[in-house]
Amino acid sequence: MKNLLVVSCVSDDVKAPLSMYILKNFTADVVAGVDKYSKEFDAEIIYLLPEGEDVSGLNGEIVHTSQISPTLNNPYSVAQVLSGNLPRPMIQDDYVAVYDGKAVSVITPEAAYGMTKGFEEKFVAINKGENTEIRKVNVGQPVGEFAAVDGAKAVLFGGLKGKFISGSEAAKLKIDETEKFSSITIYDESECIVDACVQLMNKAYEMSCGKCVLCREGTSQFKQIVTEMTTGKAKMSDLDLIKEVSELISIGAYCPFGQSMTKPLTSAMELFADEFEEHIKKKFCKCGKCYKQAELYYIDPDECIGCGECIDACPEDAIEGKDGFIHIIDQDLCEQCGKCVSACDEGCIKTATKLPKLPKKKTKCGKW
């Protein structure tokens, strides 16, 4: 069987837009590496580029695709796209991906550059706010020498498959050639880590190819749960649920993206446990990024007559009280469904983005 080498420029993590940058700025080095690698097993060459992108001086056929997916460093997934199908990886390690009668191998521009330069350098995308700077650094160089991470609130290494660590820990890490260091995203004290996880889980959901149930449903559920943490609907038990499901996904998902996409969220939950608890239990975001649109239900203690109608209407058993005593909504259980509002003839159930002072123990009506 003949061989085909595909240079995939469409498999970048969203936090590490390296492929087209390297291909355009170091074309000769990439071409030399591709040529060297292809000659080792006598392979034809295809460059898989995003639609609308063209680079001159390449040493193979150019194929454009609208498919951008982290699975497109998987030979089977690449073969599917070349055949006009959706990118879907294989779970097996021993298969041979075939396109047009040729066995498919995949290389990225950075790997081809390394074939030429000896893997002594690494391209790193440094993200801060809306800005991304791509730098070429030396393998073995401490991160703190080229990125302002030491005073950061948190640093995410590896993008959608990465891990949050503290700024001081990040500064000491030494660059290696692995994907872990393809992106370094810096968060300062003004940024909410829970909100950052919402953005990451939304993007992970978009990037999931949808083939395996664990990744498809996991990204969907995690996106919903972490969003609820910023709108007052999450429960503390959701944190344990995320940890348990993450372990299952890391074992059973088909590809490295699916297996690792939970890591940013679980590492953030571990590093910033207090911040997650504040969002869930206190409905509070000290950075002011969340709860801007959230309305929390509460029972006005000056107007409640202790009739119990709201208790009967609540499907979550989130309202405590008895006849003649001021009723209290348990914010950790409340789902903001509004059924209590309709049930209250006195109109004493109200909403606010910040709760007023409320009774903390059983108090008779009219005594507040």
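Figures for the structure shown
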quantity	calculated
Close pairs (6 angstrom Cβ cut-off, 6 or more residues apart or separate chains): at positive phi in the stretch 185-213, surrounded by fewer than 20 Cβ atoms within 10 Å (Cβ to Cβ) and among the charged types (D, E, K, R) anywhere	Gly210/Arg216
Lys243 in contact (Cβ under 8 Å) with a residue 60 or more places away in the chain and at negative phi	no
Where Glu179 falls short, out of the listed (1) acidic (Asp, Glu); (2) farther than 28 Å from Cys285 by Cβ; (3) over 19 Å from the mean Cα position of the chain (by Cα)	(3)
In the stretch 280-331, the residues that are among the aromatic types (Phe, Trp, Tyr) and farther than 23 Å from Asp195 by Cβ	Tyr298, Phe325
Complete set of residues in the stretch 37-53 that are of a type outside the set (Ser, Thr, Tyr), touching a strand residue (DSSP E or B) at 6+ places or on another chain (Cβ under 8 Å) and over 17 Å from Asp12 (Cα atoms)	Phe41, Asp42, Ala43, Glu44, Ile45, Ile46
Some residue of the stretch 100-114 being of a type in the set (Asp, Glu) and either assigned to a strand (DSSP E or B) or without any contact (Cβ under 8 Å) to a residue 12 or more places away in the chain (or both)	no
Subset of the stretch 291-323 (residues that are open to solvent by less than 40 Å² (accessible area, probe 1.4 Å), without any contact (Cβ under 8 Å) to a residue 24 or more places away in the chain and not in a strand (DSSP E or B))	Gly308, Ala318
The one condition in (1) at pLDDT 95 or above; (2) in a loop (DSSP other than H, G, I, E, B); (3) out of contact with any Asp or Glu (no Cβ under 9 Å at 6 or more places or on another chain); (4) open to solvent by less than 30 Å² (accessible area, probe 1.4 Å) that Pro87 fails to fulfil	(1)
Hits in the stretch 355-368 - residues which are closer than 22 Å to Lys281 by Cα and either outside any loop (DSSP other than H, G, I, E, B) or free of Cβ contacts under 8 Å to residues at least 40 places away in the same chain (or both)	Lys357, Lys360, Lys361
Qualifying residue in the stretch 330-338 (condition: at pLDDT below 90, of a type in the set (A, V, I, L, M) and surrounded by 12 or more Cβ atoms within 10 Å (Cβ to Cβ))	yes
Residues satisfying the stated conditions in the stretch 104-142, i.e. open to solvent by less than 30 Å² (accessible area, probe 1.4 Å), aliphatic (A, V, I, L, M) and closer than 15 Å to Lys15 by Cβ	Val124, Ala125, Ile126
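This table checks each residue for (1) surrounded by fewer than 21 Cβ atoms within 10 Å (Cβ to Cβ); (2) closer than 22 Å to Pro89 by Cα.
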position	(1), (2)
Lys235	yes, no
Ser246	yes, yes
Ser250	yes, yes
Cys255	no, yes
Gln259	yes, yes
Phe276	no, no
His279	no, no
Lys282	yes, no
Lys289	yes, no
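Table: residues versus (1) open to solvent by 20 Å² or more (accessible area, probe 1.4 Å); (2) not charged (D, E, K, R).
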{"residue": "Ser11", "(1), (2)": "no, yes"}
{"residue": "Pro17", "(1), (2)": "yes, yes"}
{"residue": "Ile22", "(1), (2)": "no, yes"}
{"residue": "Thr27", "(1), (2)": "yes, yes"}
{"residue": "Ala32", "(1), (2)": "yes, yes"}
{"residue": "Lys39", "(1), (2)": "yes, no"}
{"residue": "Asp42", "(1), (2)": "yes, no"}
{"residue": "Ile45", "(1), (2)": "yes, yes"}
{"residue": "Leu49", "(1), (2)": "no, yes"}
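The values are calculated or read from the model by the stated rules, or taken from the named source; none is laboratory data. From a predicted model like this one, the values you see are computed outputs, not experimental measurements. Don't worry about glycine lacking a Cβ; one is built from the backbone with ideal geometry, like all the others, and counts go over all protein chains shown. To get the accessible areas, we keep the full protein, side chains included, count just its heavy atoms, and leave off ligands, DNA and RNA. Shrake-Rupley method; radii C 1.70, N 1.55, O 1.52, S 1.80 Å.
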